[in-house]
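Note sheet for the following structure.
Nothing in this text is a laboratory measurement; each read-out follows from the coordinates by a stated rule. Since this is a predicted model, take the numbers as computed values, not measurements. Counting neighbours? That spans all protein chains shown, and the Cβs are built from the backbone with ideal geometry, glycine included.
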Amino acid sequence: MPSVTINSSDLEKEGPILEVQFLISSDLEKKYIEEKKAIPEPITVKSLIDTGASACVIKKEIPEALGLKPTGVTKINTPSSKDHECYHYFMRMLIPSHGLIYEGPFISAPLEGQEISSLIGRDVLKNGILIYIGYMNQFTFSLF
Amino acid sequence: MTKNIFLKELETYEKNKQRLLKDSRGKFVLIKGEEIINVFDTYSDAVKVGIDKFGNTPFLVKQILEVDQPQNFTSNLIRVDIPCLP
């Protein structure tokens with residue numbers, strides 16, 4: 001079971017942040033290869049593991065840069081809004097150095113701040129393990 | 001308000017919702033325009049067929065539920081002052 005352990009300088013302030021890559025899905029990649037189309041380069045961004053998020057979120061610039069079209073629409077609730085409509089995109093997220101791969105839907109929405117481009121939500125965590133060791137400024141994330 | 005590109009697909013879903021609920025509650029339906037392509041056990045299976053048939057074009061994958069469940073976020077990291085739909 002692949003896992004990654006991160007030592008943060010200030011885990012309390014920053015939260016569990018990982019550097020991840022976003023790519024087109026493996027099925028779309030196969031189709032592009034068959035059709036001899038260029039495959040978009042992976043996009044590397046910072047992602048926050050957010051146990052308060054029921055689903056994954058990405059900034060809309062990421063699927064745009066990968067040239068992706070949406071595979072559905074969903075409503076989201078936040079502390080200050082209800083039934084906000086957003087598209088979702090089927091994408092591949094990976095941490096290549098540690099062999100972690102997840103493929104699934106990501107909701108496209110504007111995120112606060114410059115640092116974070118993605119939220120890893122409980123739809124990913126349901127397939128994994130998150131160990132948060134606050135006093136050591138360390139966390140470990142594993143995916144089946 | 002921004003136009004949802006899936007208006008036609010959502011209309012198709014609503015027209016067929018009772019039948020889909022009766023036969024395939026909880027499963028995932030793949031819809032393109034006015035056509036229901038098929039019903040699948042998982043979201044991933046529906047997307048796989050969607051990509052195979054339509055490539056990188058918009059198609060709707062939707063879970064068949066009596067009442068749609070919104071996704072919930074407890075933090076304010078998502079900006080709601082900007083519309084999600086482009």
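Once you measure Cβ to Cβ distances between cysteines in the protein assembly as shown, which Cys have no partner under 4.7 Å?
A:56, each lacking another Cys Cβ under 4.7 Å.
For Cα pairs less than 8 Å apart in space and 6+ apart in sequence, what is the mean separation divided by the residue count of chain B, i.e. the relative contact order in percent?
Details: 92 pairs, mean separation 27.2, N = 86.
It rounds to 32 percent for chain B.
Run the numbers on the stretch A:35-144 and let me know its relative contact order in percent, using alpha-carbon pairs under 8 Å that are six or more apart. Show your work: numbers first, answer last.
Numbers: 178 pairs, mean separation 35.7, N = 110.
Once divided by the residue count of the stretch A:35-144, the mean separation gives 32 percent.
Determine the shape class of chain B: with a ≥ b ≥ c the square roots of the Cα gyration tensor eigenvalues, call it rounded for a/c under 1.5, and otherwise prolate if a/b is greater than b/c, oblate otherwise.
On the way: a/c = 1.70, a/b = 1.43, b/c = 1.19.
In terms of gyration-tensor shape, prolate.
On C-alpha positions alone, give me the angle between the axis of helix B:43-54 and the longest principal axis of chain B, in degrees, nearest 10.
The angle comes out near 70 degrees.
Name the most mobile residue of A:24, A:76, A:58, meaning the one with the largest mean-square fluctuation, in a Gaussian network model of chain A with Cα contacts below 10 Å.
Result: A:76 has the largest fluctuation of those listed.
Put a dot 7 Å past each Cα toward the Cβ at residue A:69 and residue B:7; how far apart are the dots in nm?
Reported label-point gap for residue B:7 and residue A:69 is 1.8 nm.
Given R₀ = 22 Å, what would the calculated FRET efficiency be for residue A:6 paired with residue B:75, taking r from the Cβ atoms and rounding to 0.05?
My answer for the efficiency is 0.65.
Which is farthest toward the positive dipole end of the protein assembly as shown among B:5, A:76, A:22, measuring Cα position about the Cα centre, with Cβ charges +1 (Lys, Arg) and -1 (Asp, Glu)?
B:5
Bin width 5 Å, alpha-carbon pairs only: give the P(r) of the protein assembly as shown as whole percents, running from 0 to the bin holding the largest distance.
With a bin width of 5 Å, the distribution comes to 1, 6, 14, 18, 19, 17, 13, 7, 4, 1, 0, 0.
Taking only DSSP H segments of four or more residues, each worth -39500 (n - 2.57), what value at 222 nm results for chain A once the sum is divided by all its residues, to the nearest 500 deg cm²/dmol?
Numbers: 4 runs with 22 residues, N = 144.
Computed ellipticity for chain A at 222 nm equals -3000 deg cm²/dmol.
Roughly how many whole Å is it from the C-alpha centroid of the stretch B:1-45 to that of the stretch A:55-93?
18
Have a look at A:26, A:80, A:54 and tell me which one the Gaussian network model of chain A (Cα, springs below 10 Å) gives the largest fluctuation.
Looking only at A:26, A:80, A:54, the biggest GNM fluctuation is shown by A:80.
What angle, in degrees between 0 and 90 and rounded to the nearest 10, separates the Cα long axis of helix B:7-24 from the longest principal axis of the Cα atoms of chain B?
60
Once amide H atoms are built 1.01 Å from N in the peptide plane, which residues 5 or more positions from residue B:38, or in another chain, come under 5 Å H to H?
When sequence neighbours closer than 5 places are left aside, the close amide H contacts are B:30.
If I take R0 = 41 Å and measure r between the Cβ atoms of residue B:49 and residue A:140 in this structure, what FRET efficiency does the formula 1/(1 + (r/R0)^6) give, to the nearest 0.05?
Numbers: r = 36 Å, r/R0 = 0.88.
Efficiency for this residue pair is about 0.70.
If I build a Gaussian network model for chain A, linking alpha-carbon pairs within less than 10 angstrom, which residue out of A:62, A:33, A:43 has the largest mean-square fluctuation?
A:33
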